[in-house]
Structure formats: structure tokens, C-alpha cells
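Visitor: I'd like to ask some things about the structure below.
The values are calculated or read from the model by the stated rules, or taken from the named source; none is laboratory data. This is a predicted model, so every value here is computed, not measured. Counting neighbours? That spans all protein chains shown, and the Cβs are built from the backbone with ideal geometry, glycine included. Just the protein is used for accessible areas: all its heavy atoms, side chains included, with ligands, DNA and RNA removed. Shrake-Rupley method; radii C 1.70, N 1.55, O 1.52, S 1.80 Å.
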Amino acid sequence: MTLFHFGNCIALAYFPYLILYKNSKLSEYSSFWPCVKAGGVYMVTQLCKMVILATFFPTYEVPVGRIDLHGELMKGAVELFDLVGLFFIISQQIGRGDLKILVAGMGWAMAELVSMRLLPLWVGARGTEFSWKYLQLSFEANISLAHHVIMAMLIWMWTRNNLEKSVLPLIVSLLLLCSSKQTLLELVGTMFHFTSFGLLGISFGLTAVIGLLSTYLYINLCLQDNAWSKYN
């Protein structure tokens, strides 16, 4: 039973990544190693974030039920380094825009999955007792994949020279919201005492809304590019 539970959690966490790779241009253009390199950039970025947090933003003891607003704001500021890391991946990747987005988002999300969720699933999901938290980890991995692809899409649009200036503030706002999403969820959970699955639902809803807006902007930009190439 425990092995079956472990297999379900692993399949739920990892199969969407495999499906995305096999049924997108990542497989067509043999982008496995670019995704691995993107994962390496993720590791370096997280190491830099940990060093900065430990050096410049020491933690303080906070009473139970209270919010360390200053610490959370500082943590949210450091999360902006994720945007820098994704921008570096996209700027170094050669190819079409959609391929750059998939390489950056897929590589980043896969590295996070391996480094943050593989060990808890391996140790916990094979335990003697069933627990919903490991299924929750698997669902979080799927949301994280969509979240990072959306972030890569927004960064790619931000780098475009033909982006309309009226759209730029919206893209920057969505990027800031993406980078601070985890901090916002922690604050909401502490303030309103949501359950872990309640926060998971909020994370899914927020990611879906940002994704729909980002996809709409991306499609409009692609149509604009096609119109420009048709008449020039």
C-alpha cells in the first residue's frame, strides 16, 4: 500500500513534466541539455539567495501567530533574483521565443522539483502511514511547472523591442506578483489561518489568472510579430 502511494505521488509530480517535454518543441529540438543547464542556473541562483538571506537578513524569533512583516518583505525582495536567473537563461538560449520560454520554465521547475520535493516524497511517501501532504506536494509541483513557464513567458515578452509601452506596466506588475507569490501565500495563511489545501487552491487560482492574462498578452504579441513579418 505504501509503495502504491509512493508511486502515485511520483507519477502525479513527474509525469506532467515528461508529458510537456515529449509533446512540445523541447523534444523536437532535443532540448534536454539546455533544460539541464537551466536547472544549473536555478541551483546557483538559490545558493546566492541563501547566502544573501543569511548574511544581510538574519531571522528573529517571532511569537506564534504573529507575522514578521519585515522579514517577509525582505524575503520577497530576494525572490526577485529568480527573475534575474530566468532572464539570464532566456538571453543565453538560441532559438525561437516559444522554445526559449519552454527551456527556461521547464528547466527551472524541474530543478526545483528535484531539489525541493524529491527527498520528502522518497522518505515520507514510502512511510507506513498514508498522508495527504505528499499528494499536496505533487499537486504543488504541477502548479510550480505552470508558474515558472508563465514567469519565463512574461520575461520573454518584457525583452521584446516591439512590445507596446501601454502593456509594459501590466507585464512588470505580473512579474512582481509572480516573484512574490509564495511570500503572499505565507502571509495570507498566517493572517487568515487557511489550511494547506486552502492555500493550494488559492495558489492554483492565482496562477490560473496570471496564466490567462499572460497567454492573452503573448498571443497578441505573436500576432503582432506575424503581421509585421507579413508586410515587411
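Visitor: So how much slack lies between residue 220 and residue 56, counting 0.36 nm per residue of separation and subtracting their Cα-Cα distance, in nm?
Guide: 54.9 nm
Visitor: Right, next: Based on DSSP H runs of at least 4 residues, each adding -39500 (n - 2.57), what is the mean residue ellipticity at 222 nm of the chain after dividing by all its residues, to the nearest 500 deg cm²/dmol?
Guide: One gets -27000 deg cm²/dmol as the mean residue ellipticity at 222 nm.
Visitor: If you don't mind, there's one more thing I want to ask. Output the DSSP H helices from the chain with an along-axis C-alpha extent of no less than 15 Å and a mean Kyte-Doolittle hydropathy no less than 1.6.
Guide: Correct list, ordered by number: 81-92, 168-179.
Visitor: Still on this model: Sort 143, 219, 10 by heavy-atom solvent-accessible area, probe 1.4 angstrom, most to least.
Guide: In descending accessible area the options line up as 219, 10, 143.
Visitor: May I pose another question? If you roll a 1.4 Å probe over the heavy atoms of the protein chains, what accessible area per residue do you get for the chain, in Å²?
Guide: 59
Visitor: Report the FRET efficiency, 1/(1 + (r/R0)^6), for residue 133 and residue 43, where r is their Cβ-Cβ distance and R0 is 25 Å, rounded to 0.05.
Guide: The computed FRET efficiency comes out at 0.50.
Visitor: Still on this structure: Using a 1.4 Å probe on the protein heavy atoms, what percent of the accessible area of the chain belongs to carbon and sulfur?
Guide: Numbers: 9520 of 13710 Å².
Ligands and nucleic acids excluded, carbon and sulfur reach 69 percent.
Visitor: Quick check: from the Cα gyration tensor, does the stretch 88-190 come out rounded (a/c under 1.5), prolate or oblate?
Guide: Oblate is the answer for the stretch 88-190, as a/c is 1.5 or above yet b/c matches or exceeds a/b.
Visitor: In what order, largest first, do 196, 214 sit by accessible area if the probe radius is 1.4 Å?
Guide: Correct descending sequence by accessible area is 196, 214.
Visitor: For a quick check of understanding: with a 1.4 angstrom probe and all protein chains in place, what accessible area in square angstrom does residue 144 have, to the nearest ten?
Guide: Per-residue accessible area (residue 144): approximately 10 Å².
Visitor: Once the whole set of protein chains is in place, how much accessible area is left on residue 81, using a 1.4 Å probe, in Å² to the nearest 10?
Guide: Roughly 80 Å² of residue 81 is accessible to a 1.4 Å probe.
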